[in-house]
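Colleague: I have a structure I would like to understand better, so I am pasting it below and will then ask my questions one at a time.
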Amino acid sequence: MKIATFNVKNKTAGKILKLKPSALERFRLNVDLIKKSCSDIIGLQEVTLDEYIMLKQEFESMYDFYGDFRNSIGFTNEACPIMVKKEIINVNDAKTFSLSSDINKIGKKYFGALFPRIATIVCLYDGEDNYVIVNTHVDNSKIIQSKTFALNGPLERIIQQYRKQDAKIMVMGDMNSGLNGSLYNFCYRNFFVDALSPLGKTYEPLKLSIDHILYEDDSMVSSNAKSFENKGSDHSLIMVDLNKRRR
């Protein structure tokens, strides 16, 4: 399966990257990039309602869309949708969780967080194995990150619900963190490795590697990691082939 993650960052990319194209033109660049990647499954972050509607109009013949909005105010009410190519694999469940002390209350946030944060999951079945894809956008505050990635924190509690299904689990998205500190500890406890570590920087303005596709090395194997740069967002689209490990 070709798995991708992409923060479309359409609202503020023009200011940060000093781009001349309009927001709509940047959206078209992002659409072209998604088409170019030809991903089987792609998790998007910072998708506003108008962008979500346009994405569905553009891709609804090729992809099914999953994921709720985070219930914040106005243009910050963003989603982390997961797009699944229609002919690739069967989806048997999908849900959006809060990344707060109450993972089932969308719109709830940790004290000190600017916005609520969410994680979208899809459960897939290929006829032999179950897969769980978690797509998220983690707060950029180190204090909130430490809560998000903590032992028995929201991400671990979400994952624990699906470990009971004997599923192959992947976590992807804009983590707002390199593979260090609380994110490193989260990966170590949960036996995750980063499929994208050879690719270098994924967030152009600050030259940071903050976008990740994490997977369980004992059950999956990655290959052909790619980074697609563009002028529609300040993040790169990241893609990798992830396949079950044969024993």
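The values are calculated or read from the model by the stated rules, or taken from the named source; none is laboratory data. All figures in this text were calculated on a predicted structure; none of them were measured in a lab. A quick note on method: Cβ atoms are made from the backbone with ideal geometry, for glycine too, and the neighbour counts reach across all protein chains shown.
Colleague: Right, L155: farther than 27 Å from L208 by Cβ and hydrophobic (A, V, I, L, M, F, W, C) or not?
Modeller: Here the answer is no, as L155 does not meet what is asked.
Per-residue answers, yes or no, for (1) buried (at least 17 other Cβ atoms within 10 Å of the Cβ); (2) touching a residue at least 60 places away in the same chain (Cβ under 8 Å); (3) in contact with a Pro (Cβ under 9 Å, 6 or more places away or on another chain); (4) not charged (D, E, K, R):
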position: G74; (1), (2), (3), (4): no, no, no, yes
position: A79; (1), (2), (3), (4): yes, no, no, yes
position: N90; (1), (2), (3), (4): no, no, no, yes
position: N104; (1), (2), (3), (4): no, no, no, yes
position: A113; (1), (2), (3), (4): yes, no, no, yes
position: R117; (1), (2), (3), (4): yes, no, yes, no
position: I121; (1), (2), (3), (4): yes, no, no, yes
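Colleague: Continuing with the same structure: With respect to T96, determine if the residue is among the polar types (S, T, N, Q) and buried (at least 17 other Cβ atoms within 10 Å of the Cβ).
Modeller: yes
Colleague: Collect the residues in the range 196-247 that are touching a helix residue (DSSP H, G or I) at 6+ places or on another chain (Cβ under 7 Å) and of a type in the set (F, W, Y), keeping them in residue-number order.
Modeller: Result: F228, single match.
Colleague: For the range 50-68, which residues satisfy the criterion of being in contact (Cβ under 8 Å) with a residue 40 or more places away in the chain and either closer than 26 Å to N90 by Cβ or in contact with a His (Cβ under 7 Å, 6 or more places away or on another chain) (or both)?
Modeller: Y66, G67, D68
A quick yes/no check of all residues on (1) modelled with pLDDT of 95 or more; (2) at positive phi:
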residue: A94; (1), (2): yes, no
residue: I103; (1), (2): yes, no
residue: G112; (1), (2): no, yes
residue: T120; (1), (2): yes, no
residue: D129; (1), (2): no, no
residue: A150; (1), (2): yes, no
residue: I158; (1), (2): yes, no
residue: E204; (1), (2): no, no
